[in-house]
Amino acid sequence: MSTPEIKKVVLAYSGGLDTSVILAWIKEHYGCEVIAFTADVGQGDSFEGLEAKALASGASKLYVKDLKEEFLTKYAFPTLRAGAVYERKYLLGTSFARPLIASHQVEIARLEGADAVAHGCTGKGNDQVRFELTFQALAPDLKVIAPWRQWDLGGREELLEYAMARGIPVSQSKTNIYSRDQNLWHLSHEGGELEDPWQEPNEAMFQLTVSPEAAPDKPVEIVIGFEQGYPVSLDGTPMGPVELVTTLNKIGGEHGVGRIDLVENRLVGMKSHGVYEQPGAAILSTAHKELESITLDRETLHYKDLVAQKYAELVYDGRWFTPLREALDAFVEVTQQTVTGEVRLKLYKGNIIPTGRKSPYSLYHEGFATFGADDVYNQADAKGFINLFGLPMKVAALTKQKREGVDGK
């Protein structure tokens, strides 16, 4: 296969094993200028020494962008408001971080006059799709370099040997080969013993959460405030998105909440086993659903659950920049106009327990719901409602009796 002529490429660069090797590999195989781009989405890196490392590996320059606020307000929170959960458990995270990173990668490519973009995703995973669908949606003219689909390096052990042979500094070792991705919304773990779905995860693997057994014996109670579906406060104190999620990650992690062990169906067709730590996301998701339970009417709530599943699939599949996702956002926006109020939660040994919810838009009316005496609900009215509601079933049953010659009198 011939190598396309490329003059300048923008590489999504983390400084980890894969992208460090990829940077050097692109220089070797394409002989082009490589510009490295690192997005800060809350992965907890200090980025100290990253520029020197990128330059030493062959990059002409390094861009570092703080995207934490944009990550939450334009990606995580819209997904939260939609109620999107992939395959019953996964609150997403990497899924919408990739389109964000790729969109800024395109911006830098335009600024620098690059004719290509590159990523470090493997040919087995979902992230390659998320990056490249974004490239197609925003810059279909740019060429894409995906080394994991091109080179003959067979695994991360061989990448380590490649790096050592060329003096590329990396922090991974052959005894620490978990594949991790972290941002403000989650920390994912794959590889190692997790490749056997029967194998219990090693407790030493977890980084954000303590085990439920080791969590405090006394629960903590918190109150989350929302405005139109956006989380805005903790215990009555207004907080910006980054501060709020960071704080909830800490509190939730201390009480062992937000661990998700999932065998998921990857977009590329295989099943994979991963473990996610999402304390802040789990708390906000639970609180948001509780607030919707009193602010959305029955038909809207039930239909929104259908939308949520489709939204989750779109996000997971990397189809963020699509007309359908934008259309679903318009639906969600209307539903969230009344999702304002507070939810009280108790965190205890891995559990998130709702203990109260209130809203100025609450549709819960104690006078109608009470089991006690009331003067607003005539229980005799229920007879006529049941007769009409059940009329199709009654007609079907009478027709069946007539067809079968059964005397229904």
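The values are calculated or read from the model by the stated rules, or taken from the named source; none is laboratory data. Remember, predicted model here, so these are calculated numbers, not experimental data. Positions of Cβ are generated from backbone atoms using ideal geometry, with glycine treated the same way; all protein chains shown enter the neighbour counts. Heavy atoms of the whole protein, side chains included, go into the accessibility calculation; ligands, DNA and RNA do not. Shrake-Rupley method; radii C 1.70, N 1.55, O 1.52, S 1.80 Å.
Summary of computed values
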read-out: L142 being touching a Phe, Trp or Tyr at 6+ places or on another chain (Cβ under 7 Å), more than 28 Å from E264 (Cβ to Cβ), crowded, with 17+ Cβ neighbours inside 10 Å and not aromatic (F, W, Y); value: yes
read-out: Top-ranked residue of the stretch 274-292 - restricted to ones that are open to solvent by 20 Å² or more (accessible area, probe 1.4 Å) and touching a strand residue (DSSP E or B) at 6+ places or on another chain (Cβ under 7 Å), ranked as farthest from C121 (Cα to Cα); value: E290
read-out: Subset of the stretch 171-182 (residues that are open to solvent by less than 60 Å² (accessible area, probe 1.4 Å) and either closer than 18 Å to H119 by Cβ or at pLDDT 85 or above (or both)); value: S179, D181, Q182
read-out: Single residue of V257, V245 found to be touching a Pro at 6+ places or on another chain (Cβ under 7 Å), crowded, with 19+ Cβ neighbours inside 10 Å, touching a residue at least 40 places away in the same chain (Cβ under 8 Å) and not in a strand (DSSP E or B); value: V257
read-out: Selection from the stretch 44-75 of residues that are of a type in the set (A, V, I, L, M) and assigned to a loop (DSSP other than H, G, I, E, B); value: A59, L67
read-out: Which numbered condition Y162 fails, given (1) within 27 Å of A282 (Cα to Cα); (2) at pLDDT below 90; (3) part of a helix (DSSP H, G or I); value: (1)
read-out: Test result for G167, in contact with a helix residue (DSSP H, G or I) (Cβ under 9 Å, 6 or more places away or on another chain), within 30 Å of R344 (Cα to Cα) and surrounded by fewer than 16 Cβ atoms within 10 Å (Cβ to Cβ); value: no
read-out: Residue that is farthest from P219 (Cα to Cα), among those in the stretch 261-270 that are open to solvent by 20 Å² or more (accessible area, probe 1.4 Å) and touching a residue at least 40 places away in the same chain (Cβ under 8 Å); value: V268
read-out: Qualifying residues in the stretch 56-69 (those that are open to solvent by 50 Å² or more (accessible area, probe 1.4 Å) and either at pLDDT 95 or above or touching a strand residue (DSSP E or B) at 6+ places or on another chain (Cβ under 7 Å) (or both)) - the one farthest from T247 (Cα to Cα); value: S60
read-out: Pick from the stretch 350-409, criterion surrounded by 10 or more Cβ atoms within 10 Å (Cβ to Cβ), among the polar types (S, T, N, Q) and at pLDDT 85 or above, ranking: nearest to F226 (Cα to Cα); value: S359
read-out: Some residue of the stretch 70-81 being touching a strand residue (DSSP E or B) at 6+ places or on another chain (Cβ under 9 Å), open to solvent by 20 Å² or more (accessible area, probe 1.4 Å) and more than 21 Å from L111 (Cβ to Cβ); value: yes
read-out: Among (1) under 22 Å from the mean Cα position of the chain (by Cα); (2) open to solvent by 60 Å² or more (accessible area, probe 1.4 Å); (3) modelled with pLDDT under 95, the one test that P197 misses; value: (3)
